[in-house]
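Participant: Before anything else, here's the structure in question.
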Amino acid sequence: MTSAAGPLRMARMKSTGLRLLLFLLSLGWVAPLPAATDAAGKGDADFDKIAIDFSNGYLAARPLVGVALGLHQYDGKIGDYSRLAIDAEIERLQRFQRDLGKMDTAQLSKRANLDRRILLSSIAGELTQFVDMNVFEKNPMAYARAIDVNIYIKRDFKPLAERVRDIVTIEDQTSNVMTAAKTNLATVLPKPFVELAVQIANGSADFLEKDLVAALKDLDDESLRAAFEDSNKKAAAALRDYANWLTKERMAKATADFALGAEKYQRYLAGTELVDMPPTKILALGLQRLKEEQDVFAASAKIIDPKKTPIQVWAEVQQNHPKAAELIPEMAKDLDTIRQYVLEHRLVTIPSDVRATVAETPSFDRATSFASMDTPGPFEKKATQAYYYVTPTEVDWTDQQKNEWLTSFNYYTADVVSIHEAYPGHYVQFLHLNASSASNVRKMFSSYAYVEGWAHYCEKMMLDEGFGSVVIPTPEQKVRAAKYRMAQADEALLRLCRLCVSIKMHTLGMSVADGAKFFHENCYYEEKPSLSEAMRGTFDPGYLNYTLGKLEILKLRADYQTQEGAKFSLEKFHDEMLNHGMPPIRLLREMLLKDPKQWNAVL
C-alpha cells in the first residue's frame with residue numbers, strides 16, 4: 001500500500017530527550033552505593049568498590065555524560081579521541097568485564113549479584129560499539145557528533161557566562177577531534193556511515209553558526225562574546241572541513257559492508273539484554289506480530305470507512321488536528337486528560353505531582369525533533385524542571401507544509417505519543433527512577449529494551465485498558481475508538497519494521513535499499529522517511545529493542561498474572577517493574593517471578 005500524500009507518513013523523529021538521558025544514566029556515577037536492602041554478602045564490599053571504580057573511569061573518559069547526570073565537575077571537558085585513549089578504554093572495559101565475571105557469586109548478596117550482572121550487560125554494550133562495531137575506526141559519525149554543547153544552552157544550571165566559557169573550551173578542541181578522526185578512520189568505510197557523517201558534520205556546523213549564536217544572544221560580556229565568536233567560527237570551519245574530507249577522501253572508496261553478522265548480533269543481544277535466542281527466531285516472531293498489527297490497522301480502518309483502503313482512511317484521520325497556533329495548548333490539555341485517566345484507573349502510581357512543562361521544542365533542536373521528553377539528570381540541583389517538547393510549524397512554511405506537519409499531531413496520534421513520552425511512559429518512568437530505593441547501579445545503568453520497551457508497551461496497554469473507548473459505545477464512539485487503535489497500530493508497525501529490518505540487515509544480508517522498501521511496504525512510510533529508517537538501522541541495530549522490550553514486558557506480565565492469580569493488580573505489576581531501576585527485562589523476571597524455571601522464558 002502507498003500513502004495518499006508524501007509527508008503524511010513521516011518518520012517519528014524525536015530529539016534525544018528522555019531516551020538519551022536514560023542511556024547516559026547507564027554510564028555511571030562517582031558516589032558510594034547505598035546500603036543493601038537484603039543481607040549483605042561477604043563479597044559485597046569488593047563488588048561496591050569495583051562498581052565505583054568503573055563509574056569513575058567511565059565519567060573521566062566521557063565528561064559530557066557527567067554533565068548530563070548533573071555532575072558539574074565535568075563541565076567544559078571533552079573526551080580524548082586519540083587512538084591511545086581509545087585502546088586504553090577498550091582495555092579498561094575488558095578488565096572490568098573479567099573482574100566482574102570471575103567474582104565468587106556465592107559471596108554476594110542478591111542485590112550485589114543482580115547489580116553485578118547489570119554492570120556486565122552495560123559493559124557488553126560498550127564493547128559491542130568499541131570492538132565488534134569498531135566505531136572509532138569504521139564510523140565517522142562518532143567524531144561528527146563529538147562536539148555537543150546542547151546541554152549548555154538547554155539547561156541553566158549555572159550563569160550564562162560560565163556556560164559560554166565551557167562552550168568555548170569545548171569548541172577549541174574541535175580541530176583536535178577532527179584530526180583524530182582523520183588519523184583513526186580506516187581507508188575503506190561503510191557508505192551509509194560516510195553519508196550520514198557528512199550530513200551530521202554539516203548540520204552541526206549549521207547549528208553552531210546559526211542556532212547556537214541565536215541562543216546566546218543575551219550574553220552581555222563583550223570580551224567573552226569575542227572569544228565565543230572566534231572559537232565558534234573555528235569549530236564550524238573544522239566540522240565543514242571534516243565533511244569535505246570525508247566526501248573527497250572516503251566517499252568514493254566506501255562500500256556497502258556495515259553488517260555486524262549473525263554471531264556478533266546474537267552476542268550483542270545476549271550480552272546487553274540477556275536474550276540468548278537466535279536472531280532468526282526473534283525475526284519469525286516479529287514477522288508474525290507485524291502481520292497481526294497490519295490486520296488490526298486494516299480492521300480499524302474498516303470500522304471507520306469500509307469503502308476506502310486503510311491508507312486512505314488513515315490519511316483522512318490525520319487531517320483532524322489542531323491549528324498551528326493551538327498546538328501547544330491542545331497538547332498540554334490532552335496531557336492532563338491522559339494523566340487523570342492513569343490515576344482514575346489505577347494503572348500505575350505516579351510518585352510526584354510535579355508536572356512536565358509542555359513547551360515548543362527549542363529552535364536549535366527542531367531539525368531532528370517531533371516530540372520529546374527532556375528530563376534533568378538525577379543529580380542536578382538547579383535546572384530540575386522537566387520539559388515535554390513539541391515541535392511547532394515554522395512561520396515561513398507554506399500552508400501546505402504546515403498542514404502536512406500537523407497531520408502527525410492528529411488528535412489520536414498526539415495522544416499515543418503523549419502516552420509514550422509522558423503518562424505513563426518515559427516521564428512516569430523517570431519519576432519512579434528518582435523515587436526508587438533501588439541501588440545506584442540499578443538507577444544509573446539502563447537497558448535499551450527496558451527503557452523504550454516500557455514506553456512502547458504503554459501505548460498498547462492504555463488502549464487495552466479502555467483509553468479512547470467506552471464499554472457500550474455508540475456508533476460514533478466506536479469510530480473514535482477505531483481511530484485511536486489505528487494510531488496505536490501505526491506506531492507499532494514502525495517499531496516492528498525496525499525489529500525485522502535490524503535483524504535482516506545485520507544477519508541476513510539485506511541492503512539499505514531493501515530495508516527502505518520493507519518500511520515502505522509494511523508500515524506504509526513514504527520513500528524518504530523509509531530510507532531514513534533503514535539508514536538508522538545500519539549503525540543502530542539496537543532499535544529492534546522498542547518491540548523486543550514490549551514483547552518481553554507482555555510475556556512477563558502474563559507470567560506474573562498467572563503467579564499472582566486473584567491477587568494480580570496491573571498497578572502493582574507496573575509499580576514493581578518501575579521500582580527496580582532500568583535493568584534488562586530478563587533480570588526483572590528474577591525479581592518478580594518466584595519460579596526459577598520461568599526466568600529464561602523471555603518471549
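Rule-based calculations on the coordinates, nothing more; no lab input. As the structure is a prediction and not an experimental result, all values here were calculated from the model. All Cβ positions, glycine included, derive from the backbone under ideal geometry; neighbour counts span all protein chains shown.
Participant: What are the ³J(HN,Hα) couplings of the stretch 372-381, residue after residue, when phi is run through the Karplus curve with 6.51, -1.76, 1.60 and θ = phi - 60°? Round to Hz, x for glycine and proline.
Facilitator: Once rounded to whole Hz, the list reads 7, 9, 10, 10, x, x, x, 10, 6, 9.
Participant: So if R0 is 25 Å, what FRET efficiency would Q288 and K308 give, r being the distance between their Cβ atoms, rounded to the nearest 0.05? Walk me through the numbers on the way to the answer.
Facilitator: Working: r = 27 Å, r/R0 = 1.08.
It comes out at approximately 0.40.
Participant: If the cut-off is 17 Å between C-alpha atoms, which lysines fall inside it for K517, apart from same-chain ones fewer than 8 positions away?
Facilitator: Reachable lysines: K291, K504, K528.
Participant: Starting with the fewest neighbours, write out D336, D172, D396 ranked by other beta-carbon atoms found within 10 Å of each beta-carbon.
Facilitator: Details: D336 12, D172 15, D396 6.
The order, fewest Cβ neighbours first, is D396, D336, D172.
Participant: Identify, among Q73, S204, L260, the residue whose Cα sits farthest towards the positive end of the charge dipole of the stretch 35-261, taking +1 on the Cβ of Lys and Arg and -1 on the Cβ of Asp and Glu, with the dipole about the Cα centre.
Facilitator: About the Cα centre, the residue reaching furthest to the positive side is L260.
Participant: So, R0 is 60 Å and r is the distance between the beta-carbons of K572 and K158; what FRET efficiency does that work out to, to 0.05? Can you show the working numbers first?
Facilitator: Details: r = 41 Å, r/R0 = 0.69.
The formula returns an efficiency of 0.90 here.
Participant: Determine the calculated [θ] at 222 nm for the chain from helices alone, applying -39500 (n - 2.57) to every DSSP H run no shorter than 4 residues and normalising by the residue count; nearest 500 deg cm²/dmol.
Facilitator: Working: 27 runs with 356 residues, N = 603.
The per-residue figure over the chain is -19000 deg cm²/dmol.
Participant: Next question, about the same structure. Within the chain, which DSSP H helices have Cα atoms that stretch 30 Å or more along the helix axis and a mean Kyte-Doolittle hydropathy of at least -0.5? Please report the intermediate quantities before stating the final value.
Facilitator: Values: long enough: 222-245 (34 Å, -0.78); 279-304 (37 Å, 0.22); 475-507 (47 Å, -0.27).
Span-like helices, by this rule, are 279-304, 475-507.
Participant: Calculate the dipole size of the chain relative to its Cα centre from +1 charges on Lys and Arg beta carbons and -1 charges on Asp and Glu beta carbons; express the result in debye to the nearest 20. Walk me through the numbers before you get to the answer.
Facilitator: Working: 74 positive and 80 negative charges, 263 e Å.
So the dipole magnitude of the chain works out to roughly 1260 debye.
Participant: How big is the charge dipole of the stretch 35-261 about its Cα centre, in debye rounded to the nearest 20, if each Lys and Arg gets +1 on its Cβ and each Asp and Glu gets -1 on its Cβ? All intermediate terms of the calculation are to be shown ahead of the outcome.
Facilitator: Working: 31 positive and 35 negative charges, 117 e Å.
Result for the stretch 35-261 is approximately 560 debye, rounded to the nearest 20.
Participant: Restrict the search to the stretch 342-408; then list the trypsin sites (Lys or Arg not before Pro) that DSSP places in a loop and that have at most 14 other Cβ atoms within 10 Å of their Cβ.
Facilitator: Details: sites: R346, R355, R366, K381, K382, K402; in loops: R346, R355, K381, K382.
Passing both the DSSP loop test and the Cβ count: R346, K381, K382.
Participant: Calculate the spin-label point distance for E91 paired with D241, positioning each point 7 Å from the Cα along the beta-carbon direction, and give it in nanometres.
Facilitator: About 3.1 nm separates the two model spin labels.
Participant: Can you compute the FRET efficiency between R83 and E344 using 1/(1 + (r/R0)^6), with r the Cβ-Cβ distance and R0 = 51 Å? Round to the nearest 0.05. Don't skip to the end; give the middle numbers.
Facilitator: Details: r = 58 Å, r/R0 = 1.13.
The calculated FRET efficiency here is 0.30.
Participant: Sticking with this one: Could you put V317, V470 in order, starting from the residue whose Cβ has the fewest other Cβ atoms within 10 Å? Walk me through the numbers on the way to the answer.
Facilitator: Working: V317 25, V470 11.
Exposure proxy ranking, most exposed first: V470, V317.
Participant: Here's another thing I want to ask about it. Could you tell me which of H426, W454, L406 has its Cα farthest along the dipole of the chain towards the positive end, charges placed at Cβ (Lys, Arg +1; Asp, Glu -1), taken about the Cα centre?
Facilitator: Among H426, W454, L406, the one farthest towards the positive end of the dipole of the chain is W454.
Participant: Restricting the count to DSSP beta bridges whose residues both fall in the chain, what percent are antiparallel, rounded to a multiple of 5?
Facilitator: On the way: 4 of 10 bridges.
Taking every DSSP beta bridge with both residues in the chain, the antiparallel ones total about 40 percent.
Participant: Can you pull out the GluC sites (Glu not before Pro) in the stretch 347-436 whose DSSP state is coil and whose Cβ has at most 13 other Cβ atoms within 10 Å? Could you put the intermediate results ahead of the total?
Facilitator: Values: sites: E360, E380, E394, E404, E421; in loops: E380, E394.
When the GluC sites (Glu not before Pro) of the stretch 347-436 are filtered for loop state and at most 13 Cβ neighbours within 10 Å, E394 remain.
Participant: Now, a different point. Would you mind calculating the gained length between D514 and K217 on full extension (0.36 nm times residue separation, minus the Cα-Cα distance), in nm to one decimal? Working shown, then result.
Facilitator: Values: separation 297, 0.36 × 297 = 106.92 nm, distance 4.57 nm.
Result for the pair: 102.3 nm of gain on full extension.
Participant: Okay, moving on. Please sort 310-316, 526-532 by packing, taking for each peptide the average over its residues of neighbouring beta carbons within 10 angstrom, highest first. Spell out each step's value before the answer.
Facilitator: Values: 310-316: 19.9, 526-532: 18.1.
So the peptides 310-316, 526-532, ranked by packing, come out 310-316, 526-532.
Participant: Moving on to the next point. Do any chymotrypsin sites (Phe, Trp or Tyr not before Pro) in the stretch 494-588 lie in a loop, going by DSSP, with at most 14 other beta-carbon atoms within 10 Å of their beta carbon, and if so which? Working shown, then result.
Facilitator: Working: sites: F518, F519, Y524, Y525, F539, Y543, Y546, Y560, F568, F573; in loops: Y524, Y525, F568.
When the chymotrypsin sites (Phe, Trp or Tyr not before Pro) of the stretch 494-588 are filtered for loop state and at most 14 Cβ neighbours within 10 Å, F568 remain.
Participant: Pull up all non-local amide H partners of V358: gap of 5 or more, or a different chain, and H-to-H distance under 5 Å with H placed in the peptide plane.
Facilitator: Residues meeting the criterion, in which the H sits 1.01 Å from N, are Y388.
Participant: Same structure, new question: Find how many whole Å separate the alpha carbon centroid of the stretch 468-547 from the alpha carbon centroid of the stretch 95-133.
Facilitator: A separation of 33 Å, based on Cα centres.
Participant: Pull up all non-local amide H partners of S446: gap of 5 or more, or a different chain, and H-to-H distance under 5 Å with H placed in the peptide plane.
Facilitator: Residues meeting the amide H criterion: S26.
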